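Below you'll find the structure, written out as structure tokens, and then a few comments.
The values are calculated or read from the model by the stated rules, or taken from the named source; none is laboratory data. None of the values given here were measured: they were computed from a predicted structure. All Cβ positions, even for glycine, are placed from backbone atoms using ideal geometry, and neighbour counts span all protein chains on display.
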């Protein structure tokens with residue numbers, strides 16, 4: 001049984017900004033029809049890694065292969081031409097523009113010849129409506145501002161746009177971080193659909209509960225280094241959580257919380273006895289018998 005050629009692969013990639021080491025010795029690969037989750041806390045190097053994958057940064061060391069061929073992107077446009085589409089966290093959308101204009105931004109379909117060439121808005125509206133309907137989102141009017149959509153629907157516009165223009169590798173930067181439960185489920189469902197359609201998906205997140213249901217493999221990052229890559233069958237959700245947070249840190253936190261709870265319970269148990277004794281003493285001094293006895 002032959003091993004499929006990864007759509008995108010990194011070998012011992014590092015990235016430095018002057019004396020600052022942002023990434024060190026990172027190796028990761030993802031094949032078609034697979035979801036690779038890059039997991040890590042804030043500052044783990046996730047953003048630097050995806051910007052290196054998408055052509056924003058050039059690696060300081062290491063190699064990157066696309067469909068088995070050594071590649072070094074000059075800019076993000078070169079990565080897009082190679083079929084690597086990145087949906088960043090800010091979505092790169094203009095809220096006051098229509099869904100159609102955001103869908104085709106920079107790639108508007110035209111008809112006619114110069115000097116009579118113009119944008120075919122009827123075709124663009126139809127395509128935007130059909131592509132959104134494919135993922136189960138029935139928009140009322142493609143000309144409505146994209147800002148009127150929910151966060152999850154805007155994520156789906158960005159993902160549908162990338163797929164329509166022939167993406168082979170889909171990189172998603174924290175697509176569910178600012179979404180509610182229902183909206184996040186819409187995005188996760190579409191990630192699963194993209195995998196079923198044969199795309200290689202790189203899903204960047206720090207939320208294990210969103211990553212685990214859709215992922216086929218996990219690469220864990222911590223402070224710019226890789227803690228390893230694991231298939232879903234090799235690691236449980238709890239183990240992923242433990243590796244992300246760090247077992248020693250969690251044990252230390254549990255010990256601190258237990259100590260706080262013990263101190264609080266001791267204070268609570270000693271407080272009633274102290275207040276009862278104080279109350280009895282006050283009552284003894286203020287009673288007539290006590291004052292009489294004192295006078296005698």
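Things worth noting here:
- Residue list for the range 108-121, filter: on the phi < 0 side of the Ramachandran plot and loosely packed, with under 11 Cβ neighbours inside 10 Å: 113, 114, 115, 116, 117, 118
- Within the range 7-44, considering residues that are at pLDDT below 85 and touching a strand residue (DSSP E or B) at 6+ places or on another chain (Cβ under 8 Å), the one surrounded by the fewest Cβ atoms within 10 Å (Cβ to Cβ): 41
- Any hit, the range 248-261, residues being part of a helix (DSSP H, G or I), at pLDDT 80 or above and farther than 25 Å from residue 55 by Cβ: no
Table: residues versus (1) touching a helix residue (DSSP H, G or I) at 6+ places or on another chain (Cβ under 7 Å); (2) within 19 Å of residue 30 (Cα to Cα); (3) in the same structural domain as residue 54 (by TED's automatic domain parsing); (4) touching a residue at least 12 places away in the same chain (Cβ under 8 Å).
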{"site": "160", "(1), (2), (3), (4)": "yes, no, yes, yes"}
{"site": "165", "(1), (2), (3), (4)": "no, no, yes, yes"}
{"site": "197", "(1), (2), (3), (4)": "no, yes, yes, yes"}
{"site": "221", "(1), (2), (3), (4)": "yes, yes, yes, yes"}
{"site": "229", "(1), (2), (3), (4)": "no, yes, yes, yes"}
{"site": "239", "(1), (2), (3), (4)": "no, no, yes, no"}
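- Scan the range 130-153 for residues that are within 23 Å of the chain's Cα centre (by Cα), surrounded by fewer than 20 Cβ atoms within 10 Å (Cβ to Cβ) and either touching a residue at least 60 places away in the same chain (Cβ under 8 Å) or not in a helix (DSSP H, G or I) (or both) and the total you get is 4.
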